[in-house]
Each structure stands twice: as structure tokens, then as C-alpha cells.
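A.B. asks: Structure in C-alpha cells, see below.
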Amino acid sequence: MKVKGLRWFIIGLIFLATVINYIDRSALAIMWGNENVEGSIAQSLELTKDHYSYILNIFMVAYALGQLFSGKLFDKVGTRLGYVISIGVWGLSSFLHSTIRGFFSLAFFRTTLGLSEAGNWPGGVKSNAEWFPIKERAIAQGLFNAGASIGSVIAPPFIAALFVAFGWRTTFMVVGSFGILWIIPWLLINKAGPKKHPWITAEEQKYILEGQSLADQNATEDTKGKTLKEILSHKESWSVVIGRFFLEPIWWLFVGWMPIYLFDVYGFNVKEVGMFAWVPYVGAAIGSVAGGYVSGKIIAKTNSIDKGRKTTILIGGIIMLAGLIATVLFADSAEVFVAVVFFVLFGFQFAISNVQTMPSDFFSGKSVGSLAGLAGMVGVFSVIIMNFIIPIVAKVSYTPIFITIAIFVPLGVGAIYYFAKDIKSVED
């Protein structure tokens, strides 16, 4: 049996895994509630907002470390088995949230969830490097990233409906099962890489392999991946690491704090947050796909990876910067604020799909996951620092936060231009 467009089935499964990833990680926040919300996690387990803040940072630290560890794991065992381990552990962890009895059991399962969920990102970057020619990798990464936005749109109403109907313990069982069930089609469809997959057509195999770098074309199963020291000895690697350090907080600022901002500044209630908070993620989903499409078109027209990546990142950066300035100068109502954030997240995803693709531009398969995981870890630690600072500054005003994040945009984009003079394979 031969399947036309097999690579799109592979990225389709990874897109679905990303949707599941964001539903699983969002479930706790949606069902947390407080001591006055009947049947909520906080009321059931007699936990407070302080407990929640500790749990949030425990998850983020585990998630940061998981980026690095899983990047090495995927490079060692490959994407097929790497995804089975990663999503298997996070699905089971999410399912076992149904058994928690207090703070320490919750902290344990949030730790295993964070460590395993992190694998989705270096795993996705590595899989795209294997299954797509260079000119299509950004659109594949964009589709993959769109799963995070779609998951953020789906999660609030879906989790809330399950919670109302069955309670939080059963809800965790349901959402945890999704990841475990996902493994079945993954193993059935992703039998091997494009060089050996029995279902791939000769035309698609040729198209994929001839569109990769010489280092990727010449790589074999015995080819060893580079150590982190070797990877970081190349100046180009620092463009990804430093770029993500500055850019990553922009996404997480709105993911983690936008509902709180709407509560504090505009006096929203929970129902109003639910009506507004999903809108910016539609912009993020559109930006994910658009950024990959534009980059691919530029690369095809100019035959330059460098022009495709940098032009798209620059455009996304300009949109982000303009939007963040607008949040300070013009967002005088909730409607205007949400509309502005729509464009900020559009710009972020327009750019970040190309930033996340760059490890596969620089290195061949067995080093891609390592660089992607390291950069992801550094980006998340930047977010953790931000999470400590925001509650302190927000007691006075949110304006310094938006100004700081706006400054991060040219720093992140500038790092990419400075450290990566020419985005291309460093191994050819």
C-alpha cells in the first residue's frame, strides 16, 4: 500500500498531539476554582491560591528541564519511540490526576506531566526535519504550533462541560485517555522515517530527501548526534537560544496572565473571561500557518533559507512590537485590548514557527532535538523569571510589564540577525 502525501498525515497526528497537550495542561487551571466554587479542586482538596502558585512553578520548572532531557531522548531513540514515551507518560500523568488527595500528590503528577509534555516541542521540530524538505518545514511547524492555539480555544468550554457533567476526577480520566489512545494511530501510521517507510511513494520520498541539506541526506542510523558543547560551539546555535529567551515570555505572558489582567483591570467575571479570552488564540492559529506559508514562498522564490526565515521573523516582530505598544497607548477597553492581543499573538506565531525551525536548518537529524530542547528550556526559564516578577509589578501597574515585553521583541529578533549571519546548514 502506498499513501500520497504521507508527510501530511504525520504532521496531522503531531498537530492532534499538540491540541491534546494544551487540553491536558489547561484542565487544572480551569477546574481549580476556589473555596467557594462547589466541587472545584480547590474546595475538594482544601487548597489555596498559594498552593496553586507553587504548583504552577513546579510544572514550569519540570517543563523547562523536560525540554532539554526530551531533546536528547528524541535524538537517541528517534521520533517514533520518543513520542510514544512522551505522550504515554503525559497521558498517564493527566489520567492519574484523578487520584490526587492533596498538595504533594498533585505536585508529583504535575512534575511528571511537565517533564513529559515538554517532549512534544523538540519532538515536533525533529519530526518536521525528517519528513519535510527545508522549504516546507516552517509551514509544517506552523501547523504543529497551531495545535497549541486550537487547544487553547477548545479547552475552556470542553473542560467546563465535562466538569459540570461529571466532576473534576472523571474529567481528568477523560482528557488523560486522549493521549494514550493517540499512540495507536501513531504507531500504525508512523512505521519508519521517509527513507524506509513502506507506505511512502517514490515521488514523495524523492521530494523530501532531495529537499533536505547534504548533512541530512548523508546521515545514517549510525551517525552520531553532536554534544551540547559541540552544538554551542557554533555561533548560529546562540541565535536560537537567545532568540527564544527573549521571545518566549511574550506568548506565556498572555497565556498565563491575560485572564488575571481582565479580572483586575476591567472587572470581568468568569463568564466574561470565557467569552473574550479565546479570541486572541484564533489570531495565533492564523499566524502559525501564515508564517510558515510566507517563509516557504520566499524560500521557493529566492532559493535562500536565510531570506525566508529572517524576513518572516522580522515581519512577525514588527507586528508584535506594534501590538505591545498599542496595549499601553490605545487599549482603553476590554474589546480593544483583546483585539490588540489578537495581533500580538498573530505576530508571535508568525515569527516563532520559523525560529523553532532553525535548529533543523543548522544541523542534521540527530542534533536537531538537542538544540531545540536546549532553546526551549532556556525560553521556559525566562518565563519562570517573568512569573515571579509580574505579581509584584502588577500591584502597581501592568504598564511596565508590557513595556518590558515590547523591548524583548527587538532583542530577540536582533539576536537572530546578529548570531546567524546566514541561516544554512553548518555541517555541509
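A.B. asks: Given a cut-off of 32 Å, name the pairs among 191/307; 49/229; 2/307; 72/191; 72/301; 206/366 whose C-alpha atoms lie farther apart than that in the structure shown.
C.D. replies: Cα-Cα > 32 Å for 191/307; 49/229; 2/307; 72/301; rest within.
A.B. asks: Using a cut-off of 13 Å between alpha-carbon atoms, which aspartates and glutamates can reach residue 226, once sequence neighbours fewer than 8 places away in the same chain are excluded?
C.D. replies: Within the straight-line limit of under 13 Å, residue 226 reaches these aspartates and glutamates: 75, 427.
A.B. asks: Further question on the same structure: How much solvent-accessible surface does residue 164 expose, in Å² to the nearest 10, with a 1.4 Å probe and all protein chains in place?
C.D. replies: Here the residue's solvent-accessible area equals roughly 120 Å².
A.B. asks: Roughly how many Å² is the accessible area per residue of the chain, as a whole number, for a 1.4 Å probe? Let's see the in-between values first.
C.D. replies: Numbers: 17510 Å² over 428 residues.
Heavy-atom SASA per residue in the chain reads 41 Å².
A.B. asks: Once you keep just the Cα pairs under 8 angstrom separated by 6 or more residues, what percentage relative contact order results for the range 328-425?
C.D. replies: Relative contact order for the range 328-425 comes out at 37 percent.
A.B. asks: Using a 1.4 Å probe on the protein heavy atoms, what percent of the accessible area of the range 40-117 belongs to carbon and sulfur?
C.D. replies: Summing carbon and sulfur atoms, their accessible area is 70 percent of the total for the range 40-117.
A.B. asks: I would also like to ask the following. With a 1.4 Å probe and all protein chains kept in place, how much accessible area does residue 203 have, in Å² rounded to the nearest 10?
C.D. replies: Ignoring ligands and nucleic acids, residue 203 comes out at about 130 Å².
A.B. asks: Relative contact order, percent, of the range 86-190 when contacts are C-alpha pairs under 8 Å separated by at least 6 residues?
C.D. replies: Reported relative contact order: 49 percent.
A.B. asks: Next up: Going by average Cβ neighbours within 10 Å, how do the peptides 393-405, 122-134, 338-350 rank, with the highest at the top? Numbers along the way, then the final one.
C.D. replies: Details: 393-405: 15.0, 122-134: 26.5, 338-350: 24.8.
Most protected by this proxy first, the peptides run 122-134, 338-350, 393-405.
A.B. asks: Angle, helix 279-302 long axis vs. longest principal axis of the chain, Cα atoms, 0 to 90°, nearest 10?
C.D. replies: Orientation of helix 279-302: about 10 degrees from the principal axis.
A.B. asks: Also, quick follow-up: What does the net charge come to around residue 87 if you take all other residues with beta carbon closer than 10 Å to its beta carbon, with K and R at +1 and D and E at -1?
C.D. replies: Every neighbour counted, the sum reads -2.
A.B. asks: Mind checking the angle between helix 168-189 and the chain's longest principal axis? C-alpha axes, 0 to 90 degrees, to the nearest 10.
C.D. replies: Here the helix axis deviates by roughly 10 degrees.
A.B. asks: For the chain, find the longest principal axis of its Cα atoms and tell me its angle to the long axis of helix 235-266, 0 to 90°, nearest 10.
C.D. replies: Tilt of helix 235-266: around 20 degrees.
The values are calculated or read from the model by the stated rules, or taken from the named source; none is laboratory data. Treat the numbers as computed from the prediction; the structure is a model and nothing was measured. Glycine gets a Cβ as well: all are built from the backbone with ideal geometry, and neighbour counts include every protein chain shown. Ligands, DNA and RNA are excluded from the accessible area calculation, which covers all protein heavy atoms including side chains. Shrake-Rupley method; radii C 1.70, N 1.55, O 1.52, S 1.80 Å.
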